[in-house]
Amino acid sequence: MPQFQLATYQSPKGPRAGLVVGDKIIDAAGATGNAADADVLALLGSWDSNLKRLDAAAEKGAASAKALSSVTLLAPITRPIAIYCAGANYRDHANEMARVQGKPDPVDPHTLGLRSWHFIKIGHCVTGPGTTVQMPAKSKKVDWEVELAVIIGKTARNVSEKDALDYVMGYTVSNDLSARDLGTRAGLPENSNFRADWVAHKCFDGSCPMGPWITLARDIANPHDLKLGLDVNGVVKQNSNTKELIFNINEQIADISSRLTLHPGDVILTGTPAGVGAGKGEFLKAGDKVRTWVDKVGEIVTTMA
């Protein structure tokens, strides 16, 4: 059984699901003969049963395969319904952001009885690998954040930490681009409950580059020991490992699913390590090329404009 990654690529018929096997890509629906298999979200809707069909297609579809270099890859899920983003979830990054704000290093939230917390990015933020992102005209402080993204593969509600990874179908790479100087509304005092502006800060067009494909969960032996990093114009900015997560993936799935239902195709951005631009007053500018990668999962490149 050949290993494959699940991707979405641009075809003359529009976006279609593809199976990436080595340096080739197989049209999923063409190989299975099931028209519904052309859409990644449709495949995720019944992932456990569809996986057997895709395994067979990956093994038998070599004759119809194209060179991967001949197609344009899109975000593997072009419009996720929900993207949950873990806030301050690497120890070194939490310390880094506290220093920027003139505060002491935070204590481990576990010791305070706290659980993971998430903000939301909307699906319209998503863009694929190799794309150009237009920075907001009003922002001079657009920042980078490499993230391991978790793709949910079946409906999850009140899931235990022990069973949480059973609900993950795969992983992809994401960059949680952030307009740091748009995160607060002007003219409001610091103690105002209405000062934060998460939409302007986190949800501008193209602020969630994602891809290049979904690496299946079965092919990642331990998602809590993956190197990940980011460089800008070839200069390394972030270089860490998912073992530095404060709240691990199991905890995050359990926490979110205790409050609402997770659905197939939902995405969880699990957090970013130290090395963001805000830590040293360095931000992206037009023409910058940002490479974001996670070991064993993949890498994407984004050009800023």
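The values are calculated or read from the model by the stated rules, or taken from the named source; none is laboratory data. This is a predicted model, so every value here is computed, not measured. Positions of Cβ are backbone-derived with ideal geometry, glycine not excepted, and every protein chain shown enters the neighbour counts.
Rundown of residues vs (1) closer than 23 Å to residue 289 by Cβ; (2) acidic (Asp, Glu); (3) in the same structural domain as residue 134 (by TED's automatic domain parsing), yes/no style:
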site: 164; (1), (2), (3): no, no, yes
site: 170; (1), (2), (3): no, no, yes
site: 176; (1), (2), (3): yes, yes, yes
site: 194; (1), (2), (3): no, no, yes
site: 207; (1), (2), (3): yes, no, yes
site: 213; (1), (2), (3): yes, no, yes
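Name the residues in segment 132-175 that are over 29 Å from residue 248 (Cβ atoms), among the hydroxyl-bearing types (Ser, Thr, Tyr) and surrounded by fewer than 19 Cβ atoms within 10 Å (Cβ to Cβ), would you? Across segment 132-175, the qualifying residue is only 132. Picking from residues in segment 91-114 that are among the charged types (D, E, K, R) and within 25 Å of the chain's Cα centre (by Cα), the one that is modelled with the lowest pLDDT is 96. Filtered by the rule that a residue be in contact with a helix residue (DSSP H, G or I) (Cβ under 9 Å, 6 or more places away or on another chain) and of a type in the set (Asp, Glu), segment 125-165 gives 143, 145, 161, 163. Return the residues of segment 59-80 that are of a type in the set (Gly, Ala, Ser) and modelled with pLDDT under 95; say none if nothing qualifies. Those that are of a type in the set (Gly, Ala, Ser) and modelled with pLDDT under 95: 61, 62, 63, 64, 65.
So if I check each of 88, 7, which one is within 25 Å of the chain's Cα centre (by Cα), modelled with pLDDT under 95 and outside any helix (DSSP H, G or I)? If you could, list the steps in order and put the result at the bottom.
Values: 7 fails: modelled with pLDDT under 95.
Result: 88 is the single residue among 88, 7 that is within 25 Å of the chain's Cα centre (by Cα), modelled with pLDDT under 95 and outside any helix (DSSP H, G or I).
Please state which one of 30, 61, 45 is touching a residue at least 40 places away in the same chain (Cβ under 8 Å), crowded, with 16+ Cβ neighbours inside 10 Å and farther than 23 Å from residue 125 by Cα. Testing whether each residue is touching a residue at least 40 places away in the same chain (Cβ under 8 Å), crowded, with 16+ Cβ neighbours inside 10 Å and farther than 23 Å from residue 125 by Cα leaves just 61. Condition first: closer than 24 Å to residue 218 by Cβ and in contact with a Gly (Cβ under 7 Å, 6 or more places away or on another chain). Can you find one or more residues in segment 85-106 that meet it? So far as segment 85-106 goes, yes, one or more of its residues are closer than 24 Å to residue 218 by Cβ and in contact with a Gly (Cβ under 7 Å, 6 or more places away or on another chain). Tallying residues that are assigned to a strand (DSSP E or B), touching a Lys or Arg at 6+ places or on another chain (Cβ under 9 Å) and among the β-branched types (Val, Ile, Thr) within segment 10-61 yields 2. Please find, within segment 112-137, the residue that is farthest from residue 73 (Cα to Cα) out of those that are assigned to a loop (DSSP other than H, G, I, E, B) and aliphatic (A, V, I, L, M). Once the filter is applied, the top-ranked residue is 114.
The single condition from (1) part of a loop (DSSP other than H, G, I, E, B); (2) more than 22 Å from the chain's Cα centre (by Cα) that residue 80 fails is (2). Any residue that is part of a strand (DSSP E or B) and touching a Cys at 6+ places or on another chain (Cβ under 8 Å) - is there at least one of those in segment 150-166? Scanning segment 150-166, I find no residue that is part of a strand (DSSP E or B) and touching a Cys at 6+ places or on another chain (Cβ under 8 Å), so the answer is no.
In the list 55, 108, 92, which residue meets the criterion of being touching a residue at least 12 places away in the same chain (Cβ under 8 Å) and either exposed (fewer than 13 other Cβ atoms within 10 Å of the Cβ) or among the polar types (S, T, N, Q) (or both)?
Answer to the selection: 108.
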